[in-house]
Amino acid sequence: MFCVLLAGCGGTGRNSVAPGSLSEPETLAVLQSTCQAEIMEGAPAQASAVSTSVQNFASMIINDETAALQHLQELSITALPTAASKLIDSEAKQTVEMLESLSGVELDREFMSHEIVVHAARIDLLAHSILPYVSDKSMRSIIVTQVTTAQLHLQMAIDINRNDVK
């Protein structure tokens with residue numbers, strides 16, 4: 001994803017970037033792309049998961065990421081797309097295609113496994129590779145909130161995967 005990526009879904013590392021390598025406009029594009037990716041990837045699970053817990057989790061992800069995206073769009077910074085943000089977009093489309101090809105428990109299992117990997121990588125990306133290098137106070141505040149939210153989502157995904165996905 002960014003120049004570069006550590007670890008993410010499918011071994012590509014879509015949620016990681018070299019520390020300090022992005023300008024704030026580039027960082028904004030990456031943040032927006034990660035939100036949009038989560039919204040896109042949650043849709044198949046929201047519509048087709050067999051577990052109510054998985055459907056509810058997907059709905060929560062979509063709602064939380066839509067709100068985060070709205071906050072990012074309110075910043076007085078213009079996003080500057082990069083190879084990293086474009087890679088996130090591309091990987092999200094591939095993930096959606098994969099999820100849409102599945103059904104039943106297989107969809108639930110793949111979605112929740114994906115969410116665990118993506119949220120763990122996102123926490124690392126935001127907390128270690130982006131936040132320390134952002135000077136805009138409003139953007140920093142949004143990132144701190146995203147880290148906290150991603151930590152909650154990660155724990156929920158682990159719990160659902162362990163208890164509700166057979």
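None of the figures in this text is laboratory data; all of them are computed from the coordinates on show. Note that the structure is predicted; figures quoted are calculated from it, not measured. Note that each Cβ is placed from the backbone with ideal geometry, even for glycine, and that neighbours are counted across all protein chains shown.
Couple of notes before you dig in:
- Cross-link reach is defined here as a Cα-Cα straight distance under 22 Å, omitting same-chain residues fewer than 8 places apart; for LYS137 none of the lysines meet it.
- Summing +1 for each Lys or Arg and -1 for each Asp or Glu among the other residues whose beta-carbon sits under 12 angstrom from that of ALA150 gives -4.
- Between 0 and 90°, nearest 10: helix 137-163 axis offset from the chain longest Cα axis: 20
- Taking other C-beta atoms within 10 angstrom as a stand-in for reagent exposure, PHE111, PHE57 fall in the order PHE57, PHE111, fewest first.
- Under a Gaussian network description of the chain, with springs only between Cα atoms under 10 Å, the residue in SER48, SER103, SER76 that fluctuates furthest is SER76.
- Local electrostatic count at THR78 - Lys and Arg +1, Asp and Glu -1, tallied over other residues with Cβ under 14 Å: -4
- For the chain: relative contact order, % (alpha-carbon pairs under 8 angstrom, 6 or more apart): 31
- Ordering VAL17, LEU102, THR149 by the projection of their Cα atoms onto the charge dipole of the chain, which places +1 on the Cβ of Lys and Arg and -1 on the Cβ of Asp and Glu, puts VAL17 at the extreme positive end.
- In this rough spin-label picture, where each label sits 7 Å from Cα along the Cβ direction, the GLN73-LEU152 distance is 2.2 nm.
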